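Bear in mind these aren't lab numbers, they're just calculated from the coordinates by the rules spelled out. Here the structure is a predicted model, which means the values were calculated and not measured. Neighbour counts run over all protein chains shown; Cβ positions are idealised from the backbone, glycine included.
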There are 4 protein chains.
Amino acid sequence: MVNTVFRDPIYGYIRIEYEVIKKLIDTKEFQRLRRIKQLSGVSMVFHMAEHNRFSHSLGTYELAREVLEHVNDVKNALTEYEKVVFLCSALLHDLGHGPYSHSYEDIFLVNHEIMTNKIILGDTEVNKVLKEYNDNLPNDISSIIAHEGKYEIIEDLVSSQLDVDRMDYLLRDAYFTGAAFGEIDYEKILRGMVIRNNRILFKATSVPNIEDYLMSRYHMYYQVYYHPVARCYEIMLEKIYARIKYLIENNYHFKTNLNLLIKSLNNKDDVKSYVEIDDVYINGCIKSFLYEDDIELRILSNKFLNRRLFKYIDLRFASNDDIEKIALLKENPNYYYIEDNVSKEAYSYKNNDQIKILLPNEKIMDLIEFSPIVEAFSKSSSKINSIIVYEEKYV
Amino acid sequence: MVNTVFRDPIYGYIRIEYEVIKKLIDTKEFQRLRRIKQLSGVSMVFHMAEHNRFSHSLGTYELAREVLEHVNDVKNALTEYEKVVFLCSALLHDLGHGPYSHSYEDIFLVNHEIMTNKIILGDTEVNKVLKEYNDNLPNDISSIIAHEGKYEIIEDLVSSQLDVDRMDYLLRDAYFTGAAFGEIDYEKILRGMVIRNNRILFKATSVPNIEDYLMSRYHMYYQVYYHPVARCYEIMLEKIYARIKYLIENNYHFKTNLNLLIKSLNNKDDVKSYVEIDDVYINGCIKSFLYEDDIELRILSNKFLNRRLFKYIDLRFASNDDIEKIALLKENPNYYYIEDNVSKEAYSYKNNDQIKILLPNEKIMDLIEFSPIVEAFSKSSSKINSIIVYEEKYV
Amino acid sequence: MVNTVFRDPIYGYIRIEYEVIKKLIDTKEFQRLRRIKQLSGVSMVFHMAEHNRFSHSLGTYELAREVLEHVNDVKNALTEYEKVVFLCSALLHDLGHGPYSHSYEDIFLVNHEIMTNKIILGDTEVNKVLKEYNDNLPNDISSIIAHEGKYEIIEDLVSSQLDVDRMDYLLRDAYFTGAAFGEIDYEKILRGMVIRNNRILFKATSVPNIEDYLMSRYHMYYQVYYHPVARCYEIMLEKIYARIKYLIENNYHFKTNLNLLIKSLNNKDDVKSYVEIDDVYINGCIKSFLYEDDIELRILSNKFLNRRLFKYIDLRFASNDDIEKIALLKENPNYYYIEDNVSKEAYSYKNNDQIKILLPNEKIMDLIEFSPIVEAFSKSSSKINSIIVYEEKYV
Amino acid sequence: MVNTVFRDPIYGYIRIEYEVIKKLIDTKEFQRLRRIKQLSGVSMVFHMAEHNRFSHSLGTYELAREVLEHVNDVKNALTEYEKVVFLCSALLHDLGHGPYSHSYEDIFLVNHEIMTNKIILGDTEVNKVLKEYNDNLPNDISSIIAHEGKYEIIEDLVSSQLDVDRMDYLLRDAYFTGAAFGEIDYEKILRGMVIRNNRILFKATSVPNIEDYLMSRYHMYYQVYYHPVARCYEIMLEKIYARIKYLIENNYHFKTNLNLLIKSLNNKDDVKSYVEIDDVYINGCIKSFLYEDDIELRILSNKFLNRRLFKYIDLRFASNDDIEKIALLKENPNYYYIEDNVSKEAYSYKNNDQIKILLPNEKIMDLIEFSPIVEAFSKSSSKINSIIVYEEKYV
C-alpha cells in the first residue's frame, strides 16, 4: 500500500493507495495525457478551460475510489482483485484519445476506445505495469472498456448513463469554465447507490440529485461543449485535418516532417507511433505549415494560430438578410460552407441501459417512470444546435 | 450619499449608498426582522439554516442595487425618485412577516403583505423615515407591495416569477442549508434583462440560466422547504397556535402574560403591538406554557422545545402495513392525525405574468413557447408531497 | 452501526456511524445547544452569523471522525472504546455553555467546562445514554474535558493549541461571517498528524498550513470576535446581567418570573434548572423587563432589543477631541464608562503545550523553533484591542 | 463603448467596456499569450495549473477596471485618457514574456519588461491599435512598464508591492492549484484604497487584509512556485536552453529548423520573430530534438517529454547519508549537479516603495511601522529553499 496524494480543486485530494495505480500514472502513455487538452475548442470561448485529460483521468479514478470507500454495497460486492480492475478502468478509460480528439477521430477514422484497448493490450509501459500486478488485468480492463458484460457492476460504474466518468467531467469542466451549471452533488448521488441483482441502482431519495445532474449535463452540452464559437474552431481544425489527409493521399511533398502521423495512420496497430501524437505534435505541425507550398493548408494554419475563427449564423435567430446571405454562400465556391447540426440527449430513455430506481419497498422502476420531470425532460430535450459556418477560402 | 457596507457571504458586500436606506435599516421595525427566522422548521433538518429575514431583506435590496448598477435599460428607464422607490420596496417587502410566519398566518388569519403595508403607512419609525425623504414615498412603496400596477417595471423586478426576492432567497437558503440545488447564476440572468414596452423581458441567451433557476426553485421547494421533517415541525407549531386560539376564544385563564398577542389579534391595525411579536416573544410564551394548567398546551410545548417531532408516513412509499396503520390512526381520538399535502408550481404557466423572452430579431415570446424544457417541466412538476402526520395526544 | 448523515456546508456531510452518537444528539441537553448561538454579539456586525453551538458541536465531532478515518497513526493507536471516548468528547465539549456565554460566565461566575462535566456526570439524558454504552464512559469523557491527562492523545486532539474544536470554529465562523480569513486547509493539517511517544505531532511538511491556521485565528479574534461593535453589545449584555444580579442580591421584587435563573444561580449543581436556561429564556426575560419598575433594567433592555448599542472610541485612533471627551465621560456619573481591553494570543509559546514538529529525520522540535514566522508572529501578536465604551444612563 | 464579457471563475465576469481594449485582445501579440503557460513547471506538481498568461492578463485588467468602478479616489483623480492608460497597462503588462519565461530569460538574457515595451512600441498590431486611439498611448503605457514615474498613481496600481498584477496572480494561481493559501479578500483591500499627495495609500482598517495578502504571497512562493519538483523541472529546462545556446555558439548543425529562435536571439529588436516563439514552438523543437545527433540534447529532451525529472535532496532535511551522497555527486563528471537556492521576500521593507497606511487622523505611516506582524514577518521571512538537484548525464 502506498499513500500518495495529488492536490485537486474538485475533491481536495486524489488519494493513491495501490502501488499499481502509482506506477500506471508514471507510465509514458499516461503522462502523454498531460499533453492532450480536455476541451479543445472550448477554451476559445471559456479562456480558463486549459485543463487536460490527465486531470480528468485522475478525477475519474478518485470518484471510483470514493465509491469503494463510501458505497457499502459496492465495497462488499467486489473482490480485492475486482476493486483493482475497477480503479484501473476508471484511470485508463481515456488513454486512447488523440489530439483534439473529436476532429481527429472523425477525419482519420480512429476510435478512441479501440485505441485505449490497443494501448492496454499492446507492447507498452501500461501493459507491463498491469501484467506485473496480474496477468489477466489487461484483458479484464479491456473487457470493461469494450462493454463486454463480463463485470456488470464495474461497467455500470465506469460507463453508463450515470457513471464516474461523466460526473467527473461535469464537475471539472464547470470548475474550469466558470459555468455555474455543472454544480452537482456527487456525494448525495453516491449515497443513493445500491446493488440489486448484480446491477447498480439508485435509491428514490437521490432522484432530485439525478434530475439535477441530467439538467447540468444538458446545459453543459448546449452552452459549453456545443457553443457556436467552439464549433467554429473545431470545424476549422477538421478542415486542416481533411486537407492533410487529402494531401497525403495525393502524394503531396510536405516540407514538414509528418512521418509519425503517416506511420500511425497507415497502421492503426502501431501504438508506439500513435502515443507520440499529441496536442504538442499537432500544434508544432500547424506552425510549420505556415511555410508549406500548399496555399490552402498555409492559410488555414495561419487562421488557426492567430484565432481568425470561421464565421457563423445561428439558424434559430436568422433574419431575412441572413437567409439571403446563406443562399449566396452555399453556391459560392470561394467559401467554406458547413451546415453544422449537433445534438446530444441528456438522457437516452430508449435503449436498455436505463437508470434504475429502487423504492423503499424494494420495487425497481426505470428513472423515467419514477420522475415525471425526467420523462418530460428527455422527451423534449432533443434540441439541435444548428449553425451555418462559413469562411472565405483564400484570404 | 453614504458609503456603508455589510459583509455578506452571498454578494461579498451589501453596499448602502442612500441615506434613506441606512436610516430604514436602523428603524425598530426593520431591526425586528433579526428576530424572525427565514426558514422556521427547516432548521430541524438542515441544522445551519438559522438565518433571519433581516439578512434576506438586505440581500433583496442588494440585488436591486446591482440591477440598477448593471442593467442599462433599468438604469436609464427609472428616475432618481423611482430608483429610491425600487430600492426601498426591495428592502421592506417582508416587513410584515409574523413569527414562524406561515403557521401564524394560517391560524391567526394574518396576511404578511397587508401587514407590511400597515407598517409602511402607519405610525412607525419606517413611515417617518420614508416621509422625511418624500411625502409620497410610503404610498408609492405600498402600491408596489399591493401590486397596484402603478410602477410596472418596479413590480416586475420586485415581485414576479423571476424577481430579486426569489433570486436572493434561493441563493441564501442554499448557502445556509448546504444544498447544492440553489446555485443559480444571477449575474448572467441580470445580463439578460431588458425593457420593452415598459416591461422587464429577458434575452434568449439567458434562457438556459432561467431554466436552471426554475429547476433550483423546484428542488428547493420539494427537498428543503417541504421536507417531511420540516412539515412535521410546522404542523406541531400550528397545533400550538390553534390551541392558543381555542383557549383565548374560550376565555381560558392564562398564567402566561399574553396581553400583547391578544391585543394584536383583536385589532389588526394595532401595528405597535404586532411588531412586538417575533420569534423571541413566541419562544418565550412556549417556554412559559410548560407551567400552564391546560394539559394539551403543556404537552405540545414540551414536545416543541425538546424536539419530540410529530411522526409521519410518506404516502409515496407506504407499505401495506403503513396503510393499515393509517386507517387505525384516522379513527383514534387519542391521536393528532393530519393529511398534509403541499405543492408548489415552480413556474405558473397559466396566469398572465409569464416570463417574456426577447429574440434577437426583437420578437417577444412567452418563456414556455420558447423553451420546450420549461414547457415540459411546468406541465409535469405539479408534484404533491403527501404525508400523514400523526402523534399521540396526551403523552 | 448506524448510517445517518447531516448535511453540512463545511464538510458536505456529518456522518454518524455509532448508535451512541445518534442517541446523544437526540438528548434534551444536546438539543438545547440549538438555542445557544455560537457568536452572541458578533451577529450585530456580521448579520449572517446566527449559527448555534449545536452546529459547531456536530462539526467538531465530524472533524474527530475524519481524524479516525484518515490519520493512520490515530486509527491504529486507539482501541474501539477509546475511539468512542474521542468522538463523544468532541461532540459534548461545549455542552455546559450558558446563554451569551462569556458575559454569563463573567457576571454569574459560572465556568462552562465545569458545567459540561456536571451535565455529563449528573442525572441527565446524556449521562444515561453514555452509561448505557459503558459504565466508565461519563467519567472518561469528563477526564478529557478536565484535562486530567488520562488519555493524552485524545486530549491533544480535543483540546490543545491545534485541535478539532478550534479548527471547526474557525472554518464555521468564517463561513457564516463571510470573512475570508478563516480559510484553513484542515485536510492538509490532518495529513501531517502523527503520533510519537503517545503525543500528537505534525510533520514538517504541514507547517505552512499551521502558520496559515495561526494567522487565521489571529485575524478572526481581532477582526471578528473582538470587533468593537460586538464588544459594545457584549458589554451592554454584561450590564443587564450585572443589574439582574444586583437586584436579586437586594431583594428587588421582579414582576418577571425569574425562578429558574435564581434556582440555578443558588445551586450550581442544579443541572436540571441550568439546562432550561438558554438564549430563548434570557431573551424572553429581557422582553419582559420592559415592564419592570427598575428604570435601569428597563432602559437597558429597551436598548438591547432595539439595537441602540453603546458607543465607543477606539484608542488607537483617538483624536485630541476624543481624549478630552474621554476625560469628561470618566467623571460623569450619568454615563456608563468602561475601559475595554481584550487580547488573545494566537499562539501561546510559553506554556508547555507547544505544537511539536516531526522532522523527516525523526527529530522533534517545538513549532516556534522550527518556524521563524511563528516565532516572530507569536512574540508580536499580543495585540490589545482597547476601546472606551460609554452610554448615557437614563435615556 | 462596447459591452462584452468573458466568463471568469475568479471574478464572475471580465467586463470589456472600451473598444480599444476589445481590439487589443484580438491582436496577434495578445492572442499569443494563450500559448504561454502562467506557471511552467508548477503543473508538474499541481496537475490542474495549466492556465495561461492570457487569463492572467485579462484578470489584471479586470481588477484595474474594478478599481475604477469602486475606488472613488482613483475614479476622481484620473482623466478619461489616464483611465485608458491604466487599463491598457494592466492588460499588456506581461506581453513580452517568453516561453517558460524564467528559464528563457536567464539563459538567453532576455528581459520580459523590455520585450513588452518593444512590442508596444514596435511595428505590431498592438502598437497600431494603441495609436489609433491616441498617438501618445504607446509611449505613455511603456513609461508605466518602465517605471519612469510619469504617472505615479497608475504605477502604484499596476506595479508596486500591492498591485492589481500580484492580486490577480495570487487569486488565480490558488484557484488552479487548489492551494487554500491564495484566498485574499481583494474587495476589502480595494475598499481601503485612497489617494493622498498623488500616491496610493491604504486605510488602517484594511491592514488585516494586507497582512493576509502578504502571508498568502509568502506561502504561494515557498509551497507552490518554489516547490522542489517544480524547481527540478525548471532546471531541466534550463539545461536544455543552455545546451541549445552552446550548440548554436559552436555552429552545431541542427536537423531541427531553429531559424526563428536564432534570428530572434541575434537581434532583440526583431519583435516579429520573438512573438512567434511560444510554448508551442519550444515544445515542437524539443520533440524534434529526439532525432538530433547531439546526445546530450537528445537525452535531455527525452527526459523532459516523458517527465523523467531530475532528482533532488532537500538540504533542510538532509541525513548523514545524504551529505555523503552530495559530496560524491559534486565531484562526479557524469552527473548534472546544481545547488539551487531560491528566495523571495514577501515584503521588501527596505526599499522606498513601502506600502503606506493612512490613519483616521490623516497621519501616514509605513505599513511596517503600523503592523508589528508585518515587521516581524518581513524580517524573518527571508527564507531560502535550498536543494541539491542532480541527474546522471548520459542515461
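Note on the stretch A:251-356: percent of Cα-Cα distances in each 10 Å bin, starting at 0 and stopping at the bin with the largest distance, equals 11, 24, 25, 25, 14, 1.
Among B:Asp322, B:Asp278, B:Asp269, which one shows the biggest mean-square fluctuation in a GNM of chain B, springs joining Cα atoms closer than 10 Å? It is B:Asp322.
Across the identical copies, the 7 Å label point of C:Lys350, projected outward along Cα→Cβ, sits 3.4, 7.5, 7.9 nm from its counterparts, in ascending order.
Between B:Ile295 and C:Lys28, how high is the FRET efficiency from 1/(1 + (r/R0)^6) when r is the Cβ-Cβ distance and R₀ = 30 Å? Nearest 0.05. Don't skip to the answer; put the middle values down first.
On the way: r = 20 Å, r/R0 = 0.67.
Plugging the Cβ-Cβ distance into 1/(1 + (r/R0)^6) gives 0.90.
In the stretch D:1-129, Rg over Rh equals 0.99, where Rg is the alpha-carbon radius of gyration and Rh the Kirkwood radius from pairwise Cα distances.
Working note: Cα atoms of the stretch D:136-211, range along each principal axis, descending, whole Å: 42, 29, 15. Mind grabbing the base-10 log of I(q)/I(0) for the stretch C:82-213 at q = 0.12, 0.22 Å⁻¹? Debye formula, identical points on the C-alpha positions, no solvent, two decimal places. Results for the stretch C:82-213 at q = 0.12, 0.22 Å⁻¹ read -0.56, -1.26. Counting Cα-Cα pairs of the stretch B:315-395 in 10 Å increments starting at 0 gives whole-percent bin shares of 15, 29, 18, 16, 14, 6, 2. Phi angles of the stretch D:314-331 translate, via the Karplus equation with coefficients 6.51, -1.76, 1.60 and θ = phi - 60°, into HN-Hα couplings of 7, 5, 4, 10, 5, 7, 4, 4, 4, 4, 4, 4, 4, 4, 5, 4, 4, 8 Hz per residue; Gly and Pro are given as x. Here the stretch D:51-110 and the stretch A:188-252 have alpha carbon centers that stand 36 Å from each other. Projected label points at D:Arg196 and C:Asn320, each 7 Å from Cα along the beta carbon direction, are separated by 1.7 nanometres. Placing one identical point scatterer on every Cα of the stretch A:197-246 and ignoring solvent, what is log10 I(q)/I(0) from the Debye formula at q = 0.24 Å⁻¹? With no solvent term, the Cα-only Debye profile gives -0.89.
Sorted largest first, the principal axis extents computed over the alpha-carbon atoms of the stretch B:35-90 equal 45, 19, 11 Å.
Measuring nothing but how far apart in sequence close Cα pairs (under 8 Å, 6+ apart) lie, relative to its length, the stretch A:224-378 scores a relative contact order of 19 percent.
Convert 37 °C to kelvin, take the viscosity as 0.692 mPa s, use the Kirkwood radius over C-alpha pairs of the stretch D:57-142 as Rh, and evaluate the Stokes-Einstein diffusion coefficient in µm²/s, rounded to a whole number. Translational diffusion coefficient: 236 µm²/s. Run through the other copies and list how far each one's label point is from that of D:Lys363, in nm with one decimal, shortest first; the point sits 7 Å from Cα along Cα-Cβ. Sorted ascending, the copy-to-copy spacings read 4.4, 7.1, 7.9 nm. In the stretch D:219-284, the C-alpha radius of gyration followed by the widest Cα-Cα span (Dmax) gives 14.9, 45 angstrom. Placing a label point 7 Å from Cα along the Cα-to-Cβ axis, C:Lys393 is separated from the same position in the other copies by 5.6, 9.0, 9.8 nm, shortest listed first. Each principal axis of the Cα cloud of the stretch A:179-296 was evaluated for its coordinate range; sorted largest first, these ranges are 63, 34, 21 Å.
Convex hull over the alpha-carbon atoms of the stretch D:304-344: what's its volume per residue in Å³?
Working: hull volume 4.4 nm³, N = 41.
Hull volume over Cα atoms, normalised by residue count, gives 108 Å³.
The tail of the calculated P(r) for the protein assembly as shown beyond 45 Å holds 49 percent of all Cα-Cα pairs. Each 10 Å bin from zero up to the one holding the largest Cα-Cα distance in the stretch B:244-313 carries the following percent of pairs: 18, 46, 29, 6, 0. Distance between the pseudo-spin-label points of A:Ser343 and C:Val342 (7 Å out from Cα toward the beta carbon): 6.3 nm. Eigenvalues of the alpha-carbon gyration tensor of chain C, scaled by 5 and square-rooted, set the equivalent ellipsoid semi-axes at 38, 28, 17 angstrom, largest first.
Comparing B:Ala346, B:Ala146, B:Ala90 in a Gaussian network model of chain B, where Cα atoms under 10 Å apart are tied by springs, the biggest mean-square fluctuation is seen for B:Ala146.
Nearest to the axis that brings chain D onto chain A is this chain D residue, judged by its Cβ, with the distance in whole Å: D:Gly284, 1. Just checking the listed ones, B:Asn361, B:Asn259, B:Asn136: in the Gaussian network model of chain B with Cα springs under 10 Å, the one fluctuating most is B:Asn361. Across the stretch B:263-278, computed HN-Hα scalar couplings (Karplus, 6.51 cos²θ - 1.76 cosθ + 1.60, θ = phi - 60°) run 4, 5, 5, 6, 9, 5, 7, 7, 4, 4, 5, 4, 6, 7, 8, 8 Hz from first to last residue, x flagging Gly and Pro.
Which of rounded, prolate, oblate describes the stretch D:13-67, given a ≥ b ≥ c as roots of the alpha-carbon gyration tensor eigenvalues and a/c under 1.5 marking rounded, otherwise prolate only if a/b is larger than b/c?
Details: a/c = 3.70, a/b = 1.74, b/c = 2.12.
Oblate.
Each Cα pair under 8 Å and six or more residues apart adds its sequence gap; the mean of these over the residue count of the stretch B:42-131 is a relative contact order of 21 percent.
If you plug the beta carbon distance of A:Asn351 and D:Asn76 into 1/(1 + (r/R0)^6) with R0 = 56 Å, you get a FRET efficiency near 0.30. Summary value for chain A: 16 percent relative contact order, contacts being C-alpha pairs under 8 angstrom separated by 6+ residues.
Mean shadow of the stretch A:82-122, computed from the convex hull of its alpha carbons, in nm²?
3.0 nm²
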